[in-house]
Amino acid sequence: MKILMVLTSHNQLGNTGRPTGFWLEEFAAPYFVFRDAGIELTLASPKGGQPPLDPKSDLPENQTPAMARFKKDAAAQKALANTVKLADVKAEDFDTVFYPGGHGPMWDLAESPTSIALLEAFYNSGKPIALVCHSPGVLRHVTYQGAPLVKGKHVAGFTNGEEEEMQLTKVVPFLVEDELLRLGAIYEKVANWQPFSVTDGRLITGQNPASSTSAAQALLKLMTGSKLEPSINSVQIEQKSYEMPPRDGISVAHFLTVADIDRSLRFYETVFGGRALSGGDSKGAPGYIQIANTWLLVNVGGGPTPDKPSVTLSVLADPDKISSFMNIRVADIQACYKLWKSRGAEFITEPIPKYGETRCYIRDPDGYIIEVGQSTALKYG
């Protein structure tokens with residue numbers, strides 16, 4: 001396996017006169033995660049050669065085991081000092097790419113046509129990409145199928161609160177959190193400086209320097225643990241991984257016949273936090289959306305067809321008459337009720353006790369009924 005790591009060449013912190021560059025932990029930790037796994041690594045930067053190190057990242061209070069190891073590793077130091085020029089690398093020569101952060105990438109890589117084209121080439125060819133800390137901001141001009149690549153995707157990145165603690169909110173060209181939200185991403189975060197990374201399909205992002213290891217491990221797991229077609233997603237529930245289609249066993253999909261695929265995708269993304277995996281196509285392929293370990297297939301009505309000569313698929317004519325409904329189980333129904341109601345869900349009932357559970361009912365734009373339940377006294381099995 002071959003992984004490309006892309007670092008910044010920018011060394012000036014805005015107009016402050018102070019130096020910046022890449023953050024040492026965000027390079028060192030992923031570097032050793034990959035190298036210890038036997039990965040063939042290539043390091044690149046816009047200018048090539050030694051990338052500038054943000055001196056703050058090497059302060060005594062910021063030292064980590066990975067950084068200590070790097071300072072004793074002559075091979076790692078030599079590799080870092082001799083990065084190749086970014087313009088000389090091609091996505092087709094690598095299996096994936098990892099972007100360490102630091103403030104530097106916000107000035108050069110975020111605006112670099114070369115970097116933008118490279119990321120799009122990786123993603124368009126079905127390969128995953130990973131970025132940590134400030135580097136998710138490098139995606140600000142990266143598109144996929146005509147829209148921002150991060151639109152509708154779960155992402156992490158350096159938070160506004162973390163930038164405020166560094167007293168640089170007025171210095172950086174943009175705030176990573178605000179920019180990702182502006183682009184339509186589903187931005188997620190934890191407390192400042194805590195490790196947190198998010199995997200959404202082929203996009204992996206980490207919040208801060210402490211997230212470098214987990215982001216690298218997530219990329220490695222994605223590359224070595226799944227041989228699925230790249231556009232298909234998976235989800236980890238406790239100790240089990242569910243995919244569509246599954247590698248073994250079964251996965252659950254619920255087929256919905258809808259009037260407007262895009263509208264339904266937006267509804268299930270907005271209300272339930274689902275992840276749209278595909279939007280269908282002009283040839284009639286359905287859209288896929290994942291909610292936890294259930295996949296919804298949304299498709300416009302049609303038929304009869306050669307494989308269904310006596311069956312016509314159609315949107316529900318009377319939303320008050322149903323023959324089946326979806327069922328979603330939750331841990332805290334009151335919290336879900338408040339959240340989904342704030343997102344515009346149409347509730348038929350508020351949470352009510354029924355059959356040893358607490359339940360409520362939601363209607364989607366095409367009339368499908370969704371039962372939400374929180375088990376209380378009810379025991380299964």
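The values are calculated or read from the model by the stated rules, or taken from the named source; none is laboratory data. Computed from a predicted structure; not experimentally measured. Note that we place each Cβ from the backbone using ideal geometry, even for glycine, and neighbour counts take in every protein chain shown. With ligands, DNA and RNA removed, areas are computed over all heavy atoms of the protein, side chains included. Shrake-Rupley method; radii C 1.70, N 1.55, O 1.52, S 1.80 Å.
Checking each residue in segment 134-165 for being in contact with a Ser or Thr (Cβ under 7 Å, 6 or more places away or on another chain) and assigned to a loop (DSSP other than H, G, I, E, B) picks out LEU149, ALA156, GLY157. From the list GLY152, GLY146, the lone residue that is at pLDDT below 95, open to solvent by 10 Å² or more (accessible area, probe 1.4 Å) and touching a Lys or Arg at 6+ places or on another chain (Cβ under 9 Å) is GLY152.
Per the conditions (1) modelled with pLDDT under 75; (2) in a strand (DSSP E or B); (3) more than 26 Å from the chain's Cα centre (by Cα), the sole criterion not satisfied by THR257 is (1). Against the definition (open to solvent by less than 10 Å² (accessible area, probe 1.4 Å), on the phi < 0 side of the Ramachandran plot and either touching a strand residue (DSSP E or B) at 6+ places or on another chain (Cβ under 8 Å) or in a loop (DSSP other than H, G, I, E, B) (or both)), how does LEU168 come out, yes or no? Spelling it out, LEU168 is indeed open to solvent by less than 10 Å² (accessible area, probe 1.4 Å), on the phi < 0 side of the Ramachandran plot and either touching a strand residue (DSSP E or B) at 6+ places or on another chain (Cβ under 8 Å) or in a loop (DSSP other than H, G, I, E, B) (or both). From the list ASP281, ASP332, ASP307, the lone residue that is open to solvent by 50 Å² or more (accessible area, probe 1.4 Å), at pLDDT 70 or above and acidic (Asp, Glu) is ASP332.
One line per residue, one yes/no per condition, for (1) within 26 Å of LEU265 (Cβ to Cβ); (2) small (Gly, Ala, Ser); (3) in contact (Cβ under 8 Å) with a residue 40 or more places away in the chain:
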site	(1), (2), (3)
THR169	no, no, no
ARG182	yes, no, no
GLN194	no, no, no
SER197	yes, yes, yes
ASN208	no, no, yes
THR213	no, no, yes
